[in-house]
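Scroll down for the structure; my scribbles are underneath it.
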Amino acid sequence: MLFTSPIYSQASGSTAGNVFSHNRYGKYTRARSTPVNPNSPTQQTTRMKMGEAANKWRNIAVSAREAWQIYASNTPWINRIGETVFLSGQAMAVRTWIAGMNAGFDDAAMLTAPSTFGLPDTGSLVLSSITASTKVVVVAVNGAPAWAANDDAVILIFGGMPRSQSVNFYGGPWRKIGNPGGNTTTPVTAVQGDGDAANPIITYAAGQHAWVACRVIEPNLAGTAIRVSQLIRIGPVVVVT
């Protein structure tokens, strides 16, 4: 858990059941625990992509790494407690490549650092509905963001495990349920995920609370670089029949 302390500016170590530390993104505390590794298929896939992204970083030219550092140094990042920080060039590149792999982009569109600084505008995303019978998740796209009118842009949609209506917060884990794109001819105003009633990625029941998270991937006009937004968490919405 990240936090802002009115008592101290730095803390490191543990006391009782709490562990205090900090990194370049801010101070944080967590419960002291023994790591558990279920090693699920989803975890294995994520680790494979992280390993592949790390390998890409090791093998790109020094000039390419410097370009990623320049992009990262000019692209503010908001951490979980609202502080503005800046990622390292490697962290920015790896997060971009993992998102790009999730959306099916090839190396030609990923490895070059963006020349336009900043993260893409996601627009105002609203979780409109989740239908239990069809498993269709609908997200409204408001504000006419540029990606919505770009055939090559993608919005990754991740679903969270549904909870009872007494639960009003969800922080993960998330599972990918769709990656619809923009539309140059008719800019999208809504996107949807999953929809496979026979073999749903996530099973919903009417009356549950449910959440989604979205991440926009916006290529530049030349198709030689992509920018990836932060993860936008939206919900809950009551699942309908």
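The values are calculated or read from the model by the stated rules, or taken from the named source; none is laboratory data. A quick note: this is a predicted structure, and the numbers were derived from the prediction, not measured. Ideal geometry is used to build each Cβ from the backbone, glycine not excepted, and the neighbour counts take in all protein chains shown.
Of note:
- Criterion applied to Ala206, Ala198, Ala225, Ala213 was being among the small types (Gly, Ala, Ser), farther than 18 Å from Ala103 by Cα and in contact (Cβ under 8 Å) with a residue 40 or more places away in the chain, and the one residue passing it is Ala206.
- Flag for Gly195 being at pLDDT 95 or above, surrounded by fewer than 17 Cβ atoms within 10 Å (Cβ to Cβ) and under 16 Å from Lys135 (Cβ atoms): no
- Considering Arg227, Arg233, the condition of being of a type in the set (Lys, Arg) and under 20 Å from Phe105 (Cα atoms) is satisfied by Arg227 alone.
- Answer from Phe105, Phe117 - the residue that is in the same structural domain as Arg47 (by TED's automatic domain parsing), part of a loop (DSSP other than H, G, I, E, B) and touching a residue at least 12 places away in the same chain (Cβ under 8 Å): Phe105
- Test: residue in the stretch 59-69 that is at pLDDT 90 or above and under 21 Å from the mean Cα position of the chain (by Cα): yes
- Looking only at the stretch 137-148, and only at residues there that are buried (at least 19 other Cβ atoms within 10 Å of the Cβ) and of a type outside the set (Phe, Trp, Tyr), the one that is nearest to Gln208 (Cα to Cα): Val137
- Residue in the stretch 140-158 that is more than 15 Å from the chain's Cα centre (by Cα), modelled with pLDDT under 95 and charged (D, E, K, R) present: yes
- Tabulated pairs, the stretch 59-76, first more than 14 Å from Thr116 (Cβ to Cβ), second surrounded by fewer than 14 Cβ atoms within 10 Å (Cβ to Cβ) and among the acidic types (Asp, Glu), C-beta under 8 angstrom, 6+ apart or interchain: none
- Residue in the stretch 208-215 that is among the polar types (S, T, N, Q), out of contact with any Gly (no Cβ under 8 Å at 6 or more places or on another chain) and either surrounded by fewer than 16 Cβ atoms within 10 Å (Cβ to Cβ) or at pLDDT below 95 (or both) present: no
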